[in-house]
Each structure stands twice: as structure tokens, then as C-alpha cells.
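Step one of this worksheet: look at the structure below.
The values are calculated or read from the model by the stated rules, or taken from the named source; none is laboratory data. As the structure is a computational prediction, the values presented were derived from the model and not from experiment. Heads up, the Cβs are rebuilt from the backbone with ideal geometry, glycines too, and the neighbour counts pull from every protein chain shown.
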Amino acid sequence: MIDFYLSLHPVVQGVLKGLAVILVIFPIGGACSMAERKVSAWIQGRPGPNRAIVPWVAWIPILGPFLQRLGIFHVMADGGKMLFKEDALPGHVNKFYFVLAPIVAMIPALTTVVAVPFGAYLDTAGQVIPLALANVDIGMLAVFAVSSMGVYSLILAGWASNSKYPFLGGVRASAQLISYELSMTLSVMPVFLWVNAPGREATLGLARVVEFQSGSWAGFTSASWGGVWFIFIMPVSAFVFITALFAETNRQPFDMPESEADLVGGFHTEYGAFKWGLFFVAEYSAMLIGSGVFTLLFLGGWNPLPWVPLADLVGWLTHLSPVLGHPIVVGLLSIGIFLGKVLALIFFFMWVRWTVPRFRYDQVMEIGWKKLLPLAIANLLAYAIGIAFLERG
Amino acid sequence: MAIVPLERKPLTFAERTYVPQILAGLRTTWQHLVKPKQTLEYPEQRPAIPPGYRGVPTLVMDPNGREKCVSCQLCEFVCPPKAIRITPGEIAPDAPTGHVEKAPKEFEIDMLRCIYCGMCEEVCPEEAIVLQNQFSMTGYTREEMVNNKARLYELGGTLPDSHFKWDKKKTAEEHGNDRH
């Protein structure tokens, strides 16, 4: 099986790997839309969607009712509805760009995953090899470059809809996303300043950042710094990054492009059925990738705890049973740890959404330009000077 | 009343960063998240009906199984949305309840018109029409939503009676007191 896979053309291998990753991201995106409804319900003291059920699942004694309470089948019902309902195309829109916009939304959301490593395994020499579609050195840059394409879909959607509220939504989206991209990029610079010590090969790769957070406890010496996650070393960076991430993924309290209270539905007012669904899967995929990048940069990636890197954990597990040291088991374990952190972050996104009301648009601009950007610059300068002193001494 | 000028304090630095407020908000929502849910899951769980509740109007019988309504049509006349339609009828003199002069031949309450005001219950001299606990009426057609006499008695059932007015009248008559 594995030999057959390895004998395929590299392009075919790549396509298969890509499809496998998309097959994981899509259902998680759908499940996130359900989780959003459930979390909102729980926060508001309701049980949330809990009625739909397929008869042959209802026959399973305990699991069936449990899945029903969890609202699993509402996801499928919603998805099915979205697929089969009439896909209306309003008469006053620019048809080509109108259809293009949701496609442009999906492409960057699913492309950024290429540069994001999502797990690791140990080869026979005990080296940690990251699992990624393409573990490239320009990792972070690629993610930023491609994900910022996402704003074009909102602008296109707003413009092609040829009506005033979507247009306003599109305009807001463009201004907001461009403003926050600045502070986002500046906030991760200290991390890469720290990672790229002089004398080593320079990199913007995300796997390398995780490698830097995989140290073990070495007493009260400078070597112990390697095991601390960057969120503890650079809390300000992490704060600016996550705030900008909220703005970049159009999440509350920054969901200006949608702002259903004043703009009907914002950029997607004229959209319905599957095209509307694509926007939402794209939004959740962008959230997933964003949370993934945050996990890799600041939360130690696939390392279970600070000072407990994956290699140590695998070492302990191999003592229990050699089977647990098999690369596939280790790979699945690391993906599990990584996904766990990502989903916890997604929950945090939802929790914030149902807590904080939307900012006014001028507040969004003021926070972006007058607060976050100076903070990010000051943070970068402070760490640049600090790192310069550390490396000299 | 004296005017008390309140000092308007400028926002502190912490308040201007929004962060402490957002954290306090997150704490509040977390408490709600783990608290038991408030929802009554309706078809399985029913709300407790308080006494004096005005539900669907029904016709009731007295404990002897006699229909109480004497088709005086007061409810029909008082009904603000004109939901009640009564066709009066005679009672055969040799029937066990022959001493009661009249009974409705047909009694219809149009539940699409009824506003549950309870004036019919208030005006009824016989305590024959009562708004009971049922609050949910459904049907697929307009005709289904009109309760006829049989349906009204089925909904109403029998309620306790403290007067037995017509029984007293009959006893009085048997004792030669025509005018009780």
C-alpha cells in the first residue's frame, strides 16, 4: 500500500495529500458552524439544535439520542438544504464577478493550509519530522500572502452585487482587512527574530518555530528558554496577533463587513443557497488556518505541554509499549494534540463572539491604526533591542 | 431636591484598552455556559398551568351527567368576536331532565375567532361554559377549528357542582311549591 503510494508521480502524491487535508478541513468547517450554534445556545441558557435525527441512528440505544442532543444531524440537514435549494441569481448583479466571488473566497482559505504543518513524527534516528503538505522555508510569508487574497472575495462580492449595502460591506472589508494585516505581520516579526539566530540558516518556516518551542526543562539555565511557548515569552505579540486575527477573519467584535444590524447582511446580502454556504465554509476554514498558525507560533504546535516536547512524550510512551512509537501512531498523536489546541482556539473565537458586541466602524479603525499598530511597532523594537543584547552577551 | 453634580471621570487606561471589560464579560458568559439551561423543552415538558387560566372554552356537565347549558344564548350575545353560534332546542317533557326547559341543539365555537377573553364564562348563569387548561388548538382546515357540541363536551368533561339548581327546583315542585 505505502510502496504503491510512493511509486506514484510526485504530483499525484501531492494531489492525494491535498485532497486528504481538504477532506478533513471541510467537515471540521461544517462542524464549526454547528458548534457556533451550540456555543451560542449554551451561553444564552438554551440547549440549542437537538431535534433532527435519522431513524436508523435513533435505533442505537445511547449513542443515537446523544448525537441527536448534540445536533449532529442538523449539520447534515443544513448542508443538504444548502445544496438543493434554488440558487437564485438576482437580475441586477454582475453575473461573472458575482459567481466568481465565493470561489475566490474558497481558494485562499484552502490554499494557505499548504504551508501550515499540522503534526510530526519521529524517524528511526529520533529526529522530529514535521508533517505538512509543503514544509517550505517561506511558510509564514506564504500564509500571509495567500490569506490576504481573501479580501478580494469580499470586495468582489460587494461590488458585483450592485446594491448599496453589499457595497458598503465590501468597502468596510477592504479597509479593515488591510489595516489589520499591518499589525498582524509586525506582531510575528519578534518570533522570527528570535528563531533566526545569526549563523543559522534563515527561515520563515512554521515548523522551525515549533522546533524552537520543543526544548526540555534544563534547570534554571538559559537552555530552559527553549521549552517555553512563545505566548509566555512574547505575550504582547500573541495579543496583537490574535486581535488582528479576529479582524482578519471578520469575527465579532470586528465583523464589520457583515454587520447584519446596519447592513442587512453586508457583502453577502444578495447571496443565497450554496454560494452563501461557500462564503461561510471559507470563513470557518480561514478561522481554522488562523488558529493553526497561532498554535504553531505561540502555543508550541504539537508539543503537549511547555517543557514536554513531543519527542519526550513519545519516549515515555515507547517505554509502555513499542507499538506506541510507530511513526503512524506518533503522527496521529501529534495531529490530535495540534487539532485539540486549534479547536480550543476556535471555541475561544466563539466564546468571544457571544460575549463582545460589535465595535463601531470608527472604533475599528482607531483600534487598528492608533492602538494596535503602535503597540506592534513598539513591541517589535523592544524585542529587536532585547534580542540584540542577548545575542551579543 | 438639590442638584448633585456628579463628577464625570475620564476613562482609565485599563478601561480604554477594553481588555479588563472583555475578560469580565468572558467570565460572565462562561458562567452562563456551565449553568443549567433555562429552556422548557415544550412538547415533552409542559408548563404548569396556574389556577384561573383562560384556555380553550368548553361545555361541561354536572356530576349527574346532565348537560348544564340551557341555551339562553347570553354567551352568544356577549361574545366580542362573535365566535359562538347556538341553535336552541327543546327537551322532551318525558325525559329524565324534562324539568329543565331547554338545551342547545347545536353549539359551535369558532376557535379561529375566539380571543380567550372569558366573557362567556363570566356571563353564563348556569356555569356551563368554562375556559379550561388546554392552550393549544391545531387543525389542518378551517372546519376542524370549529368546535361543535360533541367536541365541546368531550373537551369539557364533568366539573363539580355546588348548586344543583335544577334538582332543587324539581324537589320544590314535587313538594307543591311551584315558585320555590
Which one of these is part of a loop (DSSP other than H, G, I, E, B), over 30 Å from A:ILE138 (Cβ atoms) and in contact (Cβ under 8 Å) with a residue 12 or more places away in the chain: A:PRO61, A:PRO49?
A:PRO49
Could you list, in sequence order, all residues of the range B:1-24 that are over 20 Å from A:ILE43 (Cα atoms) and of a type in the set (Gly, Ala, Ser)?
B:ALA2, B:ALA14
State all residues of the range B:24-60 that are in contact (Cβ under 8 Å) with a residue 40 or more places away in the chain and either facing chain A (nearest Cβ under 9 Å) or assigned to a loop (DSSP other than H, G, I, E, B) (or both); if no residue qualifies, say none.
B:ILE49, B:TYR53, B:ARG54, B:GLY55, B:VAL56, B:VAL60
Which numbered condition trips up B:ASP161, out of (1) surrounded by fewer than 15 Cβ atoms within 10 Å (Cβ to Cβ); (2) in a loop (DSSP other than H, G, I, E, B); (3) at pLDDT below 85?
(1)
Residue check: is A:ILE328 away from chain B (no Cβ under 14 Å), part of a helix (DSSP H, G or I), surrounded by 20 or more Cβ atoms within 10 Å (Cβ to Cβ) and modelled with pLDDT under 90?
no
What are the residues in the range A:354-376 that are more than 10 Å from chain B (Cβ to nearest Cβ) and either free of Cβ contacts under 8 Å to residues at least 12 places away in the same chain or surrounded by fewer than 19 Cβ atoms within 10 Å (Cβ to Cβ) (or both), if any?
A:ARG358, A:ARG360, A:TYR361, A:ASP362, A:MET365, A:GLU366, A:TRP369, A:LYS370, A:PRO374
Residue that is assigned by TED's automatic domain parsing to the domain that holds A:PHE212, more than 24 Å from the chain's Cα centre (by Cα) and either under 15 Å from A:ALA120 (Cβ atoms) or not in a helix (DSSP H, G or I) (or both), where the choices are A:ASP312, A:ASP362:
A:ASP312
Given the conditions (1) surrounded by 13 or more Cβ atoms within 10 Å (Cβ to Cβ); (2) not in a helix (DSSP H, G or I), report the number of the one that A:GLN13 does not fulfil.
(2)
Kindly indicate the residue of the range B:25-53 that is among the hydrophobic types (A, V, I, L, M, F, W, C) and exposed (fewer than 11 other Cβ atoms within 10 Å of the Cβ) and also farthest from A:TRP42 (Cα to Cα) among those meeting that condition.
B:ALA48
Is it the case, given these coordinates, that B:THR87 is assigned to a strand (DSSP E or B), touching a strand residue (DSSP E or B) at 6+ places or on another chain (Cβ under 8 Å) and closer than 26 Å to B:PHE164 by Cβ?
no
Identify all residues within the range A:38-82 that are among the basic types (Lys, Arg) and within 14 Å of chain B (Cβ to nearest Cβ); write none if there are none.
A:LYS38, A:ARG46, A:ARG51, A:ARG69
What residue, of A:VAL136, A:VAL75, A:VAL99, is under 22 Å from A:ILE22 (Cβ atoms), in the same structural domain as A:SER334 (by TED's automatic domain parsing) and part of a helix (DSSP H, G or I)?
A:VAL99
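Residue-wise test of (1) within 21 Å of A:PHE239 (Cα to Cα); (2) of a type outside the set (D, E, K, R); (3) out of contact with any strand residue (DSSP E or B) (no Cβ under 8 Å at 6 or more places or on another chain).
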{"site": "B:GLU15", "(1), (2), (3)": "yes, no, yes"}
{"site": "B:GLN45", "(1), (2), (3)": "no, yes, yes"}
{"site": "B:ILE49", "(1), (2), (3)": "no, yes, yes"}
{"site": "B:LEU59", "(1), (2), (3)": "no, yes, no"}
Answer yes if at least one residue in the range B:2-23 is on the phi > 0 side of the Ramachandran plot and within 14 Å of chain A (Cβ to nearest Cβ), and no otherwise.
yes
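On the given criteria, is A:GLY300 under 18 Å from A:TYR121 (Cβ atoms), more than 14 Å from every other protein chain (Cβ to nearest Cβ), over 13 Å from the mean Cα position of the chain (by Cα) and part of a loop (DSSP other than H, G, I, E, B)?
yes
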A:ILE28 versus (1) farther than 30 Å from A:ALA134 by Cβ; (2) away from chain B (no Cβ under 14 Å): which is the lone unmet condition?
(1)
Hey, A:VAL93 over 27 Å from the mean Cα position of the chain (by Cα), more than 14 Å from every other protein chain (Cβ to nearest Cβ) and not in a helix (DSSP H, G or I) or not:
yes
